[in-house]
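Undergrad: Structure provided below as structure tokens; questions to follow.
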Amino acid sequence: MKTPNMINAKNRHQNQIKYTKYNKDLGDFGKGKTFFVRTYGCQMNEHDSEKIKGMLTSVGFNYTDDINDADIIILNTCAIRENAHDKVFGFLGVLKHMKQSKNIIVGICGCMAQEEVVINEILNKYKQVDFVCGTHNLDNLLSIIKEQMDTKKRQIEVLSYEGDVVEDVPVLRDSPYSAWVDIIYGCDKFCTYCIVPYTRGMQRSRHHEDIVNEVKELVKKGYKEVTLLGQNVNAYGKDLYEDYNLANLLSDVSDTGIERVRFVTSHPWDFTDEMVDIIASRDNIMPYIHLPLQSGSNKVLKLMNRRYTKEEYLKLYESIRKKVKNSSVTTDIIVGFPGETEEDFMETLDVVNKCKFDGAFTFAFSARENTPAALMKETVSEEEKMDRLHRLNEVVNKYSNEANKKMMNTTVKCLVTSLSDKDKNKVCGYTENMKLVNIKGPKSLIGKIVDVKITDTKSFSLDGEYVIIE
Ligand code: 5AD
Ligand code: SF4
């Protein structure tokens with residue numbers, strides 16, 4: 001049984017990374033059994049869950065979205081903030097009860113599985129967990145499950161060293177229209193508050209030929225949209241090539257003819273003019289950028305190890321707004337970082353007032369075990385953090401409302417993806433600049449890119465009507 005080790009995880013071993021192909025032949029040991037997956041956290045985890053589903057169905061397991069029907073229950077976990085942990089541990093309590101009346105197998109995958117403290121807690125307190133599989137060795141999941149089923153013994157397999165880049169892992173995609181495509185795994189930025197460089201390992205790019213071929217296959221299958229995924233997509237290629245970067249990749253992916261190309265998440269430090277120019281010049285690269293700010297204070301940015309100043313962020317932001325037509329930009333902001341004073345917080349508000357973001361995900365700082373910020377003295381009380389969060393959200397919501405209002409009465413293109421959650425007589429989809437629209441129109445629009453006239457705007461969504469252009 002291997003357990004992860006944070007100190008080992010901090011060491012980077014570039015020469016350990018191997019590029020391999022998935023070649024598991026485990027027959028059909030899952031035949032007649034069903035499984036359920038619950039996903040926590042970011043888009044990367046959403047896509048990993050599609051791989052979990054792909055691998056399990058490839059050996060005969062059936063996927064169910066009803067947990068009560070499942071023989072195997074897998075939690076694909078997130079470690080980014082303390083409340084993500086709490087949710088998973090809370091749910092393990094529910095599963096303990098379920099296990100008393102039913103013979104089920106419970107497994108943990110994802111970022112929590114890479115944390116030493118979590119593994120120790122599971123080993124000691126959560127006997128209901130039958131297997132753990134870390135993010136670095138997800139491609140070995142089936143062997144772990146098979147071993148557990150054959151021996152009935154608990155399996156914990158988590159690697160401290162960097163994972164390989166494994167191509168051709170089976171994927172069962174959630175959507176037939178819009179697909180996630182990994183381009184870079186891990187992160188080498190080591191922002192001081194962030195656990196990702198430890199749980200997801202070293203920055204490692206996929207070969208660009210493999211990415212472009214995957215997109216070509218998706219086009220053949222009728223996919224309309226791809227979202228290129230990475231913790232820091234702008235670092236794409238740095239670990240592999242001298243002269244091939246995200247700008248080159250965007251251009252090659254755009255050339256496949258896929259109707260929409262998106263990418264998340266961007267890091268201002270690695271975002272070059274060349275990248276802005278390619279986004280601006282291609283109609284099928286969507287004008288939506290998620291550009292985390294984190295703080296508007298240079299002092300706090302430095303403590304966070306973000307590698308840019310407020311002024312540099314604003315310069316990049318303005319260049320994006322100027323060059324990319326009808327763009328929308330969203331951001332992430334943390335309040336209450338150790339050392340953040342009221343003046344620092346006002347600097348953050350100042351940047352928000354200057355940028356007038358289309359939206360922002362806002363968080364109160366939460367110390368993550370073994371990260372550098374966890375060793376800094378917390379200077380902002382929980383009450384103060386909540387107060388700053390509240391004040392920030394008021395400003396953020398004002399601007400997202402304003403940005404939405406600007407779209408009133410315009411006619412925009414939407415990729416219709418499903419029935420609307422709010423009203424089953426409507427469908428819903430996303431505009432090019434990533435606004436959610438609930439659309440009056442027939443079910444037959446699902447899977448198509450159509451013209452929609454915006455008839456009403458809310459804080460977090462728009463209403464619209466399908467327009468037939470003669
Ligand atoms: N505390 C609060 N927010 C955090 N984030 C990452 N780590 C922490 C933390 N320790 C936020 C950042 C990041 C987003 C995904 O989560 O804003 O961009
Ligand atoms: Fe975390 Fe910073 Fe890497 Fe983003 S860039 S994943 S915030 S370390």
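The values are calculated or read from the model by the stated rules, or taken from the named source; none is laboratory data. Remember, predicted model here, so these are calculated numbers, not experimental data. Cβ placement follows ideal geometry from the backbone for every residue including glycine, while neighbour counts extend to all protein chains displayed. Just the protein is used for accessible areas: all its heavy atoms, side chains included, with ligands, DNA and RNA removed. Shrake-Rupley method; radii C 1.70, N 1.55, O 1.52, S 1.80 Å.
Undergrad: Check region 144-159 and report whether any residue there is within 23 Å of residue 16 (Cα to Cα), of a type in the set (D, E, K, R) and either without any contact (Cβ under 8 Å) to a residue 60 or more places away in the chain or not in a strand (DSSP E or B) (or both). So that I can check it myself, show each step before the final result.
TA: Step one: list which residues in region 144-159 are within 23 Å of residue 16 (Cα to Cα), which gives 144, 156-159.
If we keep only those that are of a type in the set (D, E, K, R) as well, we get 157.
With either without any contact (Cβ under 8 Å) to a residue 60 or more places away in the chain or not in a strand (DSSP E or B) (or both) added as a condition, the list becomes none.
There is no residue in region 144-159 that is within 23 Å of residue 16 (Cα to Cα), of a type in the set (D, E, K, R) and either without any contact (Cβ under 8 Å) to a residue 60 or more places away in the chain or not in a strand (DSSP E or B) (or both).
Undergrad: Right, next: Those residues that are within 24 Å of the chain's Cα centre (by Cα), closer than 20 Å to residue 230 by Cα and away from ligand 1 (no atom under 16 Å from the Cβ), I need them from region 269-315; list them, please.
TA: 272, 275, 276, 278, 279, 284, 285, 286, 287, 288
Undergrad: Let me spell it out: the conditions are (1) over 19 Å from the mean Cα position of the chain (by Cα); (2) open to solvent by 10 Å² or more (accessible area, probe 1.4 Å), and residue 81 meets all of them except one. Which number is the exception?
TA: (1)
Undergrad: Filter region 43-69 down to residues that are part of a loop (DSSP other than H, G, I, E, B) and crowded, with 20+ Cβ neighbours inside 10 Å, then give me how many there are.
TA: Of the residues in that region, 1 qualify.
Undergrad: Let me ask another. Within region 118-138, track down each residue that is open to solvent by 40 Å² or more (accessible area, probe 1.4 Å) and either of a type in the set (D, E, K, R) or modelled with pLDDT of 95 or more (or both).
TA: Selection gives 121, 125, 127.
Undergrad: Can I ask one more? For region 292-320, which residues satisfy the criterion of being within 22 Å of residue 435 (Cβ to Cβ) and either of a type in the set (S, T, N, Q) or exposed (fewer than 15 other Cβ atoms within 10 Å of the Cβ) (or both)?
TA: Start the filter on region 292-320 by keeping residues that are within 22 Å of residue 435 (Cβ to Cβ), which leaves 292-293, 317-318, 320.
Across region 292-320, the qualifying residue is only 318.
Undergrad: May I ask you to verify whether residue 406 is over 25 Å from residue 177 (Cα atoms), without any contact (Cβ under 8 Å) to a residue 60 or more places away in the chain and of a type in the set (Lys, Arg)?
TA: yes
Undergrad: Restricted to region 163-192, and to residues that are more than 22 Å from residue 134 (Cβ to Cβ) and more than 17 Å from the chain's Cα centre (by Cα), which residue is most open to solvent (accessible area, probe 1.4 Å)?
TA: Among residues in region 163-192 that are more than 22 Å from residue 134 (Cβ to Cβ) and more than 17 Å from the chain's Cα centre (by Cα), the one most open to solvent (accessible area, probe 1.4 Å) is 176.
Undergrad: Let me confirm something: among 289, 279, which residue is away from ligand 2 (no atom under 16 Å from the Cβ) and within 21 Å of residue 237 (Cβ to Cβ)?
TA: Among 289, 279, only 279 is away from ligand 2 (no atom under 16 Å from the Cβ) and within 21 Å of residue 237 (Cβ to Cβ).
Undergrad: Residues that are within 16 Å of ligand 2 (Cβ to nearest atom), in contact (Cβ under 8 Å) with a residue 40 or more places away in the chain and out of contact with any Lys or Arg (no Cβ under 9 Å at 6 or more places or on another chain): find the strands (runs of 3 or more DSSP E) completely inside region 163-262 holding 1 or more of those.
TA: Those strands (runs of 3 or more DSSP E) span 225-229.
Undergrad: Take the conditions open to solvent by less than 20 Å² (accessible area, probe 1.4 Å), within 21 Å of the chain's Cα centre (by Cα) and within 30 Å of residue 294 (Cα to Cα) and apply them to residue 357. Does it pass?
TA: So residue 357 fits the description; yes.
Undergrad: Which residues, counting only those in region 40-69, are within 16 Å of ligand 2 (Cβ to nearest atom) and touching an Asp or Glu at 6+ places or on another chain (Cβ under 7 Å)?
TA: If the condition is that a residue be within 16 Å of ligand 2 (Cβ to nearest atom) and touching an Asp or Glu at 6+ places or on another chain (Cβ under 7 Å), then 47 is the only one that fits.
Undergrad: Going through 378, 394, 369, 382 one at a time, which residue ends up being over 30 Å from residue 441 (Cα atoms) and more than 16 Å from ligand 1 (Cβ to nearest atom)?
TA: 394
Undergrad: Could I ask something else about it? Could you please find all residues in region 99-109 being within 31 Å of the chain's Cα centre (by Cα) and either modelled with pLDDT under 95 or loosely packed, with under 10 Cβ neighbours inside 10 Å (or both)? Step through it out loud before you land on a result.
TA: In the first step, residues of region 99-109 are kept if they are within 31 Å of the chain's Cα centre (by Cα); the result is 99, 104-109.
Correct list: 99 only.
Undergrad: Among the candidates 345, 363, single out the residue that is touching a residue at least 60 places away in the same chain (Cβ under 8 Å) and either in a strand (DSSP E or B) or of a type outside the set (Asp, Glu) (or both).
TA: 363
Undergrad: Pick from 167, 217, 209: which is in contact with a strand residue (DSSP E or B) (Cβ under 7 Å, 6 or more places away or on another chain) and away from ligand 1 (no atom under 16 Å from the Cβ)?
TA: One residue alone meets the criteria, 167.
Undergrad: In region 176-200, what count of residues is obtained for those that are touching a strand residue (DSSP E or B) at 6+ places or on another chain (Cβ under 8 Å) and more than 18 Å from residue 41 (Cα to Cα)?
TA: 4
Undergrad: Okay, next question. Show the residue pairs meeting these rules: Cβ distance below 6 Å; 6+ apart or different chains; first residue within region 108-132 and in contact (Cβ under 8 Å) with a residue 24 or more places away in the chain; second residue acidic (Asp, Glu) and open to solvent by 10 Å² or more (accessible area, probe 1.4 Å).
TA: 117/369
Undergrad: Scan region 309-335 for residues that are within 16 Å of ligand 2 (Cβ to nearest atom) and of a type in the set (Phe, Trp, Tyr) and report the count.
TA: Looking only at that region, the number is 1.
Undergrad: What tally of residues in region 297-308 results from selecting those that are within 16 Å of ligand 2 (Cβ to nearest atom) and of a type outside the set (A, V, I, L, M)?
TA: Here the count works out to 5.
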